[in-house]
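Have a look at the structure below before the remarks.
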Amino acid sequence: MTEQVKCAGGEHPTTAAGVTLCHRCATDLSEDLKHAAFLWGDIQTSCARLDVGAASVGSSGYKEAQLAVNLDALDKAQTLRVVLSGWASHLPTLHPAGDPTRTALWLITQMGEIRRQQWAGDFKHELRAAINACRRATDRAGELVFAGMCPTTKDDGKECGTAVFTRPGRHMANCPACKSAWDVTEWRGRALDYARIHEGTPAELSRMLSDPVTGEALPQGTIRLWVHRGKLKPIGVNGDGKSVYQVRKVRNLWARMKASKFGNPAMKKQVVLAA
């Protein structure tokens, strides 16, 4: 019978031999390291106060000048840097010192070695705490927009379903419950396909296809212009007697428009083939 030992990453047993961190905790640690690499740029932006507007904009009266740096974000960034570089220095291989993003990505490649270390559990807990602190420091600085419901399948086979928010312009969103990271644009596209929504009015299609996170917007006026020019024809009417159009055709027209705008012949060819 395989002997069970306590995993250093949590209060649960593991049968993994020769390691202190079970597979699940090692996977969680790898995900956190990915988040740390992605988060470093955000926390630096918050440190320099580049993610907030001037305090006097839209207000009346005197406003006290703010410090040129966000000291709270700076403190959280330094903690994250120390956690990454400090534990990386315990490994026998030289790590990319001085660059937290590269250090985090390098640590992922060392996961096999990390799992055998007695300090692996401490590293996992310290990194998670540092990441959460950085998230709080960055999220206070900018507005959040709804990115979607987390589609991650949990251990019990059920979908996570947690509402996930992110900042405008950020392509990745992190679930606060299961810690999964998702590409928001891809996520929205798959959610639309899964919902099997095939048609809509220009107003509905504009809301459906525009992405509030990345800032990409398809105005309903553009859809109406395609109709006027004969590029798009209705496939029926809804209960209110309004013309409805096929989602797939609208998405293809928008993709062609963006390909033409950015002058990407390869993308144009790809879009034509997809249609």
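The values are calculated or read from the model by the stated rules, or taken from the named source; none is laboratory data. Quick caveat, the model's predicted, so the values are computed rather than measured. Neighbour counts run over all protein chains shown; Cβ positions are idealised from the backbone, glycine included. Please note that ligands, DNA and RNA were not included when accessible areas were found on the heavy atoms of the full protein model with its side chains. Shrake-Rupley method; radii C 1.70, N 1.55, O 1.52, S 1.80 Å.
The condition (being modelled with pLDDT of 85 or more, assigned to a loop (DSSP other than H, G, I, E, B) and open to solvent by less than 40 Å² (accessible area, probe 1.4 Å)) is satisfied by just one residue among Leu91, Leu127, Leu107, Leu80: Leu91. In the condition set (1) within 20 Å of Cys178 (Cα to Cα); (2) at pLDDT below 90, Gly98 is compliant with all but (1).
Evaluate the following for Gly157: is it at pLDDT below 75, open to solvent by 20 Å² or more (accessible area, probe 1.4 Å) and not in a strand (DSSP E or B)? In short, no.
The C-beta contact set for the range 148-163 (first residue more than 16 Å from Asp28 (Cβ to Cβ), second residue assigned to a strand (DSSP E or B) and among the aromatic types (Phe, Trp, Tyr), distance under 9 angstrom, 6+ apart or interchain) comprises Gly148/Trp182; Pro151/Trp182; Ala163/Phe146. What do you reckon, is Val244 in contact with a Gly (Cβ under 6 Å, 6 or more places away or on another chain) and modelled with pLDDT of 85 or more? The answer is yes for Val244.
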